[in-house]
Number of protein chains: 4
Amino acid sequence: MSELITYRPGTDEYGYTLGGRSPVATVRPGDVLQVYTEDCFGGLVRTGKDLPSQVCELPFVNPTTGPFFVEGARPGDTLALHFASITPARDWGVSATFPHFGALTGTHNTATLHPALEERVWVYEIDADKGVVRYRATQSGHEVELPLDPMHGTVGLAPGGYEARSTLTCDAHGGNLDTPEIRAGVTVYFGVNVEGALFALGDGHARQGEGEVCGVAVETAMNTTVVVDLIPGVATAWPRLETDEHLLSIGVTRPLEDAYRIAHVDMTEWIGSLTGLEQLDAYQLLSQAGTSPAGNVVDPNYTMLAKIAKRYLPGRAEAYEGVHARLRATAASL
Amino acid sequence: MSELITYRPGTDEYGYTLGGRSPVATVRPGDVLQVYTEDCFGGLVRTGKDLPSQVCELPFVNPTTGPFFVEGARPGDTLALHFASITPARDWGVSATFPHFGALTGTHNTATLHPALEERVWVYEIDADKGVVRYRATQSGHEVELPLDPMHGTVGLAPGGYEARSTLTCDAHGGNLDTPEIRAGVTVYFGVNVEGALFALGDGHARQGEGEVCGVAVETAMNTTVVVDLIPGVATAWPRLETDEHLLSIGVTRPLEDAYRIAHVDMTEWIGSLTGLEQLDAYQLLSQAGTSPAGNVVDPNYTMLAKIAKRYLPGRAEAYEGVHARLRATAASL
Amino acid sequence: MSELITYRPGTDEYGYTLGGRSPVATVRPGDVLQVYTEDCFGGLVRTGKDLPSQVCELPFVNPTTGPFFVEGARPGDTLALHFASITPARDWGVSATFPHFGALTGTHNTATLHPALEERVWVYEIDADKGVVRYRATQSGHEVELPLDPMHGTVGLAPGGYEARSTLTCDAHGGNLDTPEIRAGVTVYFGVNVEGALFALGDGHARQGEGEVCGVAVETAMNTTVVVDLIPGVATAWPRLETDEHLLSIGVTRPLEDAYRIAHVDMTEWIGSLTGLEQLDAYQLLSQAGTSPAGNVVDPNYTMLAKIAKRYLPGRAEAYEGVHARLRATAASL
Amino acid sequence: MSELITYRPGTDEYGYTLGGRSPVATVRPGDVLQVYTEDCFGGLVRTGKDLPSQVCELPFVNPTTGPFFVEGARPGDTLALHFASITPARDWGVSATFPHFGALTGTHNTATLHPALEERVWVYEIDADKGVVRYRATQSGHEVELPLDPMHGTVGLAPGGYEARSTLTCDAHGGNLDTPEIRAGVTVYFGVNVEGALFALGDGHARQGEGEVCGVAVETAMNTTVVVDLIPGVATAWPRLETDEHLLSIGVTRPLEDAYRIAHVDMTEWIGSLTGLEQLDAYQLLSQAGTSPAGNVVDPNYTMLAKIAKRYLPGRAEAYEGVHARLRATAASL
C-alpha cells in the first residue's frame, strides 16, 4: 500500500548539504510525499532593503527539505521522483544580484579585479490564479507579467563515497541543477549512491530563464508533491528527466561545453540501451532531432541538457520499464 | 525602386572565405536577392559511399554564395538581411560523421589520443510537401520523419581589419554560426566592417538539432530569397536576429560559457538602448524571461544565443527603427 | 614547547574525504608531525599486471593520512604547514593509464563516444641515493633516469559548510591539488574552515610533470615531516605556498583559464596586502615577473599557479608575519 | 651560398595580417635575415600620457615585418626559423592596461557588465649592458630590475585556405603566440600552407611573464636576426620549438585546457615519430618529465606549451634531420 507522507521542516531542520545528514523521514517506493520547501534565502529576503549578503549567512543558504530515506534503495539502483505538483506557498517571490555571483560579472571562479556589481533585490508578485509572476523594474515604471512556471532548482541525493556536498552546487548526484525543466509532470531519475538514497529538495523558483543569467531566479517557498519509486538493479550515471513527450539527460560540470558533452553522451547511450539503436545511428538522430536547453551558467557547476522527443525513437521507448507512466497515473489519482 | 536580383554561382564561383574576395554582384538597400546555395560538401556527398573526407578537399568545403556589395554600406553601419524564404533545392539531404569533428569525439581543438570514430553518411529524403525530412538508421530499420525546418548555417560579411576568414568558422562578423534560429521570417543584423559590407551565405540545413552535436546537419542546397537593407550610422557589435516575436543576440567564441556571456551582455545592452530600461533592470528581466538556444558546439567557435520575447519589453520595442517590420512587408509582397 | 608527533595509519585508518571524519590525533601550533602516507592506489598496484581498475575499488583510492586537529584553530584563521622533508618509503613507484582518465582522452567530465585508451602500468625504480627515478618503456628498451623530486599531490583541510569532499578532487580547501610545487622546503597556507582545521595529506609522488598529463604521477608511499603552525585571525581564500625565494597562489577550478585567473587575482591581492603596492601596479609587476606553473589538468578541478620571486617585491615581503622563516628554522633544527 | 638580407620597413610597410599580403622580399633556405620590428603600439606609446586606446587606431596595432617569400616553400613543407639574436632597438619599453583586455578583467570574449579597469601606461628602462629592464610603480616609489629576456610575441606565416588573419590573434599558423619561449637560440617550426610560406614577425618583448596576465608585455622595437631554412615534404600541424636542450609544442585555442591538450598530443606524436617510442610509452614519459609553460591567457586564442628535455628521449633525438644544430652553427658564425 502506498502512503501519503507530509513533512514540513521546523526552522532548524533544513539541510545545507546532500550527504552527511540523517534522514528526516522514511518513505517506501510508491509513497506520495507532500513537502514544504523554503526559498534559497531561507525566507529572509522580503523587500528591496533585505540585501542577501547582509541578511543571509553562509553556509545557511539554499535550504533543502529532507533527506528522505527510501526503503530498500541500494547503490546501483535508480531513484525515480515524480513531481505531481509544485505550488508556490506565497504570493510573492524575490530575485537579486549578489556580489560576485552570476554569469555577467567576475565571480569566485571567474575571478577578476573588478569591484562587485551593485547588489539589488527585485520583488515579484505571484498570481497563481492568473498563472503569472509580475516583474517590476526598480529604476523605471516598467511592469510586465511573465508566465508562472514553478520548478525546483535543487533536487538530489547523497553523493556517496562518504561525501557531503553543499546544496549550492551540483554534480552527478543532482543538487542545485537549476534547470527550468524540473517542473510538475516530470519524473527525475538519479543513480543511488548510498543505502536509502537520502534525497532532498528545495530552491523553488516561480520561474527562471535558461542559464539563470544573474544567478538568482524568482525564488519562493513551495508546497510540492512527489511520488517516489525505485528501479532496483538499474544504475544511472547522470541525472535524467522524463516527461510524457520527452527524455532529457543533464550534464553537470564546467566548462559549459563539457556539460553539453556529458548530456549528449548520456542521451546517446540512453537511446541505445532503450531502443537498440546502434551508437552512431543514435548520435545522428540526436544531432538532428535534439534540443539542448541550458540549465544554469552561474553555479559552481553548470548544467546543460540533451532533450529528445520520444516519438522520434524506435518502438515504444519505455524508460526504466514504464515507471513514468505509472507515477503519472498515481499523480493523477491524488 | 527596389530591384529583384537573381544570382546562381557557376561551379568555380563559390567562396570559401568571408573577406578577401571581390563581389559577385552589387545590391542596393531595399533590393530583393534570390540566390542558390550549394550544400557544405559542394554537393559531392550523395550516397553512403561518398565519405566526405574522401570526396571533399580542404579548403573547398562550406561554399558560400557571394559576396554581395551593398551600395552605400560603410564601417559603422548595420546590415539587415531579411530571410523571406529558404527552400530546399533538392529532395534529399545528407549528414555524416567526419573524422575528429563533432562534440562527442576528440577533435582538432579538443585533441586526444583516440583514433577517429567511424566516418559514415546518412542520406535523408526531404519531402517539402509534407514538410518533413526522413531519417533512416544505417544499422537497423528505424525510420522517422522529423519536421522540415530550413535554415542557413552560414551567413556573414567581410570581417574588416584586412582579414579573410574561412567559411568553416564564425566570429563577430558571422560566418558558420550554425544556429537553427536563422530560418525564413528572420532578420539578421551585422555590423558593417568594410565598404560595401560584402555579405555571403550558404550551408543550407533542412534542419539541425541544437548544438549540431555530430557536427553535420541535414545538409542540402537551397533557393533562398533575402531582402537587403542598411541602417546607416548604427553600429552592431555581435550578430543579432529579430523575428516578429523575439529579439536574439548571438555570442560566438569558446568556451561555451563565454559565448553565453557575450550573447547576454549584448542582449542586456540591446534592451537598454532600445527601451531605456536601466542596466540591472534589463539584466534581471533577461534572467527570468530569457531563453538561450545553443547554436553549434562543434565548430572552431561555438555559438549560443540570448533570446527574449518583445512583449516583455517596455514600450514598442522597435529595433533598428522598425526595419524588421518593413522588410517583413516587402517579403510578404513578393 | 613544541612536540614531535609520529603517526602511521593502520590499514583501515586512511581517509577518503576531507571533512566528515573525526581527527586521528591532535597537534598544537609549533608541533612537528611525522607521518607515513600510502600511495594513491593504496599500495595495491605493484606490477604491470595490477591494473588499477581491477585491483582498486572506488571510493577507496587516494587514501590520506589524518585528519589532524590543530588546537586553537578556528574559522577565519590560516593554517601553515611546512614540509620539512618528504622521503619515499619504497624503492619503487608506479604510474598508469586509467580508463577515461587523463588529459588526452575522453573522460567523465569531457565525455566522448570513444572507448577507453588501453590501461597500462609503468613501474619505476626509485634510487634515493642517486636522486633519480628510473622510467622504463613497456614496448621497447628505452630506459632513462629522471630527477627524484618528491612531493605530495594531496594536502588540505576540512572544507566547512558541513561539506565532506572526496580526496580525488580539490577546491579552495586544498585536496588533490597535484602540483609539483608542494615539495620539501615549502610552507603551505590554507584558510581554516572548521574548528581544529582538520588537515590531512597523502598521494606522494616521486615526481610528476606539469599538468600530470596522463592523470597519474610516479606514485609512492612517503615518510613526511611537517611543522604545523597557525596564524590566528588572518583569513586565506585560496591555497598559497611560500618558499625561501617565491610566493605562489593556487587557483582551483575549471576551465583552466579560470584557475589561472583565480591564482593571479589572489596573487595580486597578496602582493598588495603584503607590500602596499597599489592594485594595478601589482598587476603590472606580476604580468612581467610572474610565472604560472600548471598543477593538474586532469582531476575534477584543475590547478594552475601564480608564482613570483620575493626579490621583485618592495620591502621585505614577510608573508604571514614571517612564519615561513620560523618554520624553516624549526625544520633545520630537526 | 647563403645570403645576408637586411630589411627595415618603411612607415607604411608594416603588416597587420598573416596572409592576404604580398611579400616584401624573397629569401632562400639558408639565408640570414636581419630585420627591424616595431613594437605592438607602432611606437606611439612613449610616456604615461599616451594611452593606447587614444593614440592607436584599430586595426593598426601589432605591426609585423614581412611577409617574406621563401623560395621553394610549398604546402606540406616545414619552415624553420632560427632566432640568432633578438636585440632591443631602444633603451625603453612600455606596458599598459587596455580597456577590456587582459586575463583579470571582463573582455571582448569573456564579456561582463563591468566598466573597464583603469587604462594606464608603465614605461620601463631597458639596460642592455646590465641585462635588465627596470619596473617603476606608478603610485609608489617601488622600482625593481627584472632580467632582460628579449623575445618575439608574434611570428607566423600565411594560414592557407585563402585566409588572412589579424596579427592580434594566433592559431596553427602562428601569429600572436606571446610565449616567452621564443627567444634567441630557439628554432621555430611551422607547417607551410601557401607557396613561399610568407612568414612575418614582430611584437618584440623585452620580457613577459607566463600568461601575459595584464595582456601587454614590456613592448619594444627589436633588431632581430633570423636564419631561414626549409624541410621539404615534412608537414607540421602545430607550431613547434627546439632549443639545444628541449623540444616544445605550442597548443593554440580556447579554453586553456584545450591548448594544453593540443600541445601534449602534438608532443606525444612528435616523440613517437622522432624516436619510435610507442604512443602510450611516450604519453607516460611526457607525464612525468614534461613541463608546460603558459604562453598567453589573454589573446583571442590562448597558448600553452608542452616541453621536454631531449636528454630524456631515446637515441639522439634529431628533430627535422638536425636542422636546429645546423642553424645554430650558422648563427654562431655570424
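So A:D12 fits all but one of (1) touching a strand residue (DSSP E or B) at 6+ places or on another chain (Cβ under 9 Å); (2) in a loop (DSSP other than H, G, I, E, B); (3) surrounded by fewer than 17 Cβ atoms within 10 Å (Cβ to Cβ); what number is the exception?
All conditions are met except number (1).
Results for (1) part of a loop (DSSP other than H, G, I, E, B); (2) open to solvent by 40 Å² or more (accessible area, probe 1.4 Å); (3) among the small types (G, A, S); (4) touching a Pro at 6+ places or on another chain (Cβ under 9 Å), shown as yes or no for each residue.
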site	(1), (2), (3), (4)
A:S2	yes, yes, yes, yes
A:T6	no, yes, no, no
A:G20	yes, yes, yes, no
A:T26	no, yes, no, no
A:G30	yes, no, yes, no
A:L33	no, no, no, no
A:D39	yes, no, no, yes
A:N62	yes, no, no, no
A:T87	no, yes, no, yes
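Name the pairs whose Cβ atoms lie under 8 Å apart, with the first residue in the stretch C:306-334 and within 14 Å of chain D (Cβ to nearest Cβ), the second open to solvent by 10 Å² or more (accessible area, probe 1.4 Å) and modelled with pLDDT under 95, and 6 or more positions between them or separate chains?
Cβ pairs passing all conditions: C:K310/C:A317.
Any residue in the stretch C:172-192 that is in contact (Cβ under 8 Å) with a residue 12 or more places away in the chain, of a type in the set (A, V, I, L, M, F, W, C) and open to solvent by 20 Å² or more (accessible area, probe 1.4 Å)?
yes
Quick one: in the stretch B:133-143, which of the residues that are free of Cβ contacts under 8 Å to residues at least 40 places away in the same chain and open to solvent by 20 Å² or more (accessible area, probe 1.4 Å) is nearest to A:A289 (Cα to Cα)?
B:R134
Is there any pair with a first residue in the stretch B:47-58 that is within 17 Å of B:A137 (Cα to Cα) and a second that is among the polar types (S, T, N, Q) and exposed (fewer than 15 other Cβ atoms within 10 Å of the Cβ) whose Cβ atoms are under 8 Å apart and which are 6 or more apart or on different chains, and what are they?
B:G48/B:T138
Please identify the pairs in which a residue from the stretch B:148-162 that is closer than 10 Å to B:H205 by Cα and within 13 Å of another protein chain (Cβ to nearest Cβ) has its Cβ atom under 6 Å from the Cβ atom of a residue that is of a type in the set (D, E, K, R) and open to solvent by 20 Å² or more (accessible area, probe 1.4 Å), counting only partners at least 6 apart or on another chain.
That search, which allows pairs on different chains as well, returns B:D149/B:R207; B:M151/B:R183.
Taking D:R46, is it of a type in the set (K, R) and under 21 Å from D:A128 (Cβ atoms)?
Spelling it out, D:R46 is indeed of a type in the set (K, R) and under 21 Å from D:A128 (Cβ atoms).
Looking at the stretch C:27-71 only, could you name the residues that are touching an Asp or Glu at 6+ places or on another chain (Cβ under 6 Å) and among the basic types (K, R)?
Matches in the stretch C:27-71: C:R28 only.
Wholly within the stretch B:101-185, which strands (runs of 3 or more DSSP E) include no fewer than the required count, namely at least 3 residues that are under 17 Å from B:G211 (Cβ atoms) and among the hydroxyl-bearing types (S, T, Y)?
none
Checking the structure you have, find out if any residue of the stretch C:257-264 is among the hydroxyl-bearing types (S, T, Y) and either open to solvent by 10 Å² or more (accessible area, probe 1.4 Å) or in contact with a helix residue (DSSP H, G or I) (Cβ under 6 Å, 6 or more places away or on another chain) (or both).
No, the conditions are met nowhere in the stretch C:257-264.
Quick one: D:N296 ticks every box in (1) surrounded by fewer than 24 Cβ atoms within 10 Å (Cβ to Cβ); (2) among the polar types (S, T, N, Q); (3) in contact with a strand residue (DSSP E or B) (Cβ under 7 Å, 6 or more places away or on another chain) except a single one, so which number is it?
Unmet for D:N296, out of (1) surrounded by fewer than 24 Cβ atoms within 10 Å (Cβ to Cβ); (2) among the polar types (S, T, N, Q); (3) in contact with a strand residue (DSSP E or B) (Cβ under 7 Å, 6 or more places away or on another chain): (1).
Given the options C:A325, C:A319, name the one that is open to solvent by 20 Å² or more (accessible area, probe 1.4 Å), aliphatic (A, V, I, L, M) and more than 17 Å from D:E210 (Cα to Cα).
From the options C:A325, C:A319, the qualifying one is C:A325.
Being part of a helix (DSSP H, G or I) and in contact with a Lys or Arg (Cβ under 9 Å, 6 or more places away or on another chain) narrows it down to one residue among B:A259, B:A263; which is it?
B:A263
Run down A:P63, A:P88 and say which single residue is within 28 Å of A:G161 (Cα to Cα) and touching a residue at least 40 places away in the same chain (Cβ under 8 Å).
Step by step, each of A:P63, A:P88 is checked, and only A:P63 is within 28 Å of A:G161 (Cα to Cα) and touching a residue at least 40 places away in the same chain (Cβ under 8 Å).
Taking the options A:G290, A:G295, name whichever one is within 25 Å of B:R207 (Cα to Cα), of a type in the set (G, A, S), within 13 Å of chain B (Cβ to nearest Cβ) and touching a Ser or Thr at 6+ places or on another chain (Cβ under 9 Å).
A:G295
Consider B:D229 carefully, then state whether it is open to solvent by 20 Å² or more (accessible area, probe 1.4 Å) and at pLDDT 95 or above.
Taking the combined requirement at face value, the residue satisfies it.
Within the stretch D:234-259, how many residues are within 14 Å of chain C (Cβ to nearest Cβ) and of a type in the set (V, I, T)?
2
Select from the stretch D:99-121 the residues that are away from chain B (no Cβ under 14 Å) and buried (at least 24 other Cβ atoms within 10 Å of the Cβ) and write down the one among them that is nearest to D:T154 (Cα to Cα).
D:G102
Which of the following residues is in contact with a strand residue (DSSP E or B) (Cβ under 7 Å, 6 or more places away or on another chain) and farther than 30 Å from C:H108 by Cβ: C:E210, C:E257, C:E242, C:E219?
Exactly one of C:E210, C:E257, C:E242, C:E219 is in contact with a strand residue (DSSP E or B) (Cβ under 7 Å, 6 or more places away or on another chain) and farther than 30 Å from C:H108 by Cβ, namely C:E242.
With D:T236, D:T253, D:T275, D:T268 as the choices, which residue is open to solvent by 20 Å² or more (accessible area, probe 1.4 Å), modelled with pLDDT of 95 or more and not charged (D, E, K, R)?
Only one candidate passes the filter, namely D:T275.
Hey, A:K130 hits all of (1) open to solvent by 40 Å² or more (accessible area, probe 1.4 Å); (2) of a type outside the set (G, A, S); (3) within 14 Å of chain C (Cβ to nearest Cβ) but one; which does it fall short on?
Of the numbered conditions (1) open to solvent by 40 Å² or more (accessible area, probe 1.4 Å); (2) of a type outside the set (G, A, S); (3) within 14 Å of chain C (Cβ to nearest Cβ), the odd one out for A:K130 is (3).
Kindly establish whether C:T78 is closer than 23 Å to B:L117 by Cβ, touching a strand residue (DSSP E or B) at 6+ places or on another chain (Cβ under 7 Å) and not basic (K, R).
Against the criterion (closer than 23 Å to B:L117 by Cβ, touching a strand residue (DSSP E or B) at 6+ places or on another chain (Cβ under 7 Å) and not basic (K, R)), C:T78 does not qualify.
Return yes when B:A332 is small (G, A, S), on the phi < 0 side of the Ramachandran plot and open to solvent by 30 Å² or more (accessible area, probe 1.4 Å) and no when it is not.
yes
Among the residues of the stretch D:89-100, write down those that are of a type in the set (G, A, S) and in a loop (DSSP other than H, G, I, E, B).
Result: D:A89, single match.
Output the number of the condition that D:T169 fails; it satisfies all remaining conditions of (1) surrounded by fewer than 24 Cβ atoms within 10 Å (Cβ to Cβ); (2) more than 12 Å from every other protein chain (Cβ to nearest Cβ); (3) out of contact with any Phe, Trp or Tyr (no Cβ under 6 Å at 6 or more places or on another chain).
(2)
The values are calculated or read from the model by the stated rules, or taken from the named source; none is laboratory data. Treat the numbers as computed from the prediction; the structure is a model and nothing was measured. No Cβ is skipped: glycine too gets one built from the backbone with ideal geometry, and neighbour counts run over all protein chains shown. When the accessible area is computed, the model is the full protein with side chains, heavy atoms only, and any ligands, DNA or RNA have been set aside. Shrake-Rupley method; radii C 1.70, N 1.55, O 1.52, S 1.80 Å.
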